[in-house]
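These notes concern the structure reproduced below.
The values are calculated or read from the model by the stated rules, or taken from the named source; none is laboratory data. Just so it is clear, the model here is predicted, and its values are computed rather than measured. Methodologically, a virtual Cβ is constructed for each residue, glycine included, from the backbone with ideal geometry; neighbour enumeration extends over all protein chains shown. In case anyone asks, the SASA skips ligands and DNA or RNA and just uses the protein heavy atoms, side chains included. Shrake-Rupley method; radii C 1.70, N 1.55, O 1.52, S 1.80 Å.
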Amino acid sequence: MKRLQRGLFWFLICCAAIVGCSKMLPSMFGDDAMFGEDVQERREVVYGYIFINLSSSFSKLGTVEVSWSPAIIIPGMSLPQYLSTTVYENDGTYYLTQWTQLGTDIYYFEPLANETAERWGNSWQRTSFTVPVNTDNNEYRQYIEYIKQQGQSLPESFAVTVYAKRFSGRIIARVLEFTPSTGASASIPQFNQLYPLVSYETVKKNEIKCDVIP
């Protein structure tokens, strides 16, 4: 009987030690790990060398092509253009990774202002706003409709944080973070409003001016 009691005592001590370690060493046991559960991070590529880290609790819902059009007319460029988007979900939070490449070589995306938010080993331009699920914003209506088609329960609104990176003059890569919220922002910018285009001739003229500055 005493041997059984001693064995039970040491078993409980070991359990307490493991639970304590899971709180003190989240990188080993996972930030949200419960006893007996191993939550790890995995790397998901956005475009090229650009990636994000997601915990293993996120599941991939699928991919969708989200249409957008420039705010100006570009001769010879087919419309609409598309954002190749992959959607991940965990407990009502969504991460959308995406990229687009301009279908023209006579216009480029302007360099991004304030590309200073550090996350996932890169610097990003960060923009935040709140989008109601019944929005009439053409871009965000496409995201929400896709999430709804996957059988997901939707909140009243999503707090959206957009991380953007200009991969090259013709490519923008982004990560969109959707978390449940309420209300709506007065302004919900679409892709073509956030990333203006400039003609190649303008780019060349600016480069020439920079070269002659003493």
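One residue alone among N90, N122 is under 15 Å from V46 (Cβ atoms) and at pLDDT 95 or above, and that residue is N122. For the stretch 166-186, a residue qualifies if it is in contact (Cβ under 8 Å) with a residue 40 or more places away in the chain, assigned to a strand (DSSP E or B) and more than 11 Å from the chain's Cα centre (by Cα), and the qualifying residues are R166, F167, I171, I172, T179, P180, S181. Filtered by the rule that a residue be open to solvent by 50 Å² or more (accessible area, probe 1.4 Å) and assigned to a loop (DSSP other than H, G, I, E, B), the stretch 93-110 gives D105, I106, E110. E118 satisfies every condition listed in (1) crowded, with 16+ Cβ neighbours inside 10 Å; (2) in a strand (DSSP E or B) except (1).
Of the set (1) in a strand (DSSP E or B); (2) open to solvent by 50 Å² or more (accessible area, probe 1.4 Å), all apply to A113 but (1).
For the stretch 55-92, taking the residues that are in a loop (DSSP other than H, G, I, E, B) and of a type in the set (S, T, N, Q), the one that is surrounded by the fewest Cβ atoms within 10 Å (Cβ to Cβ) is identified as S78.
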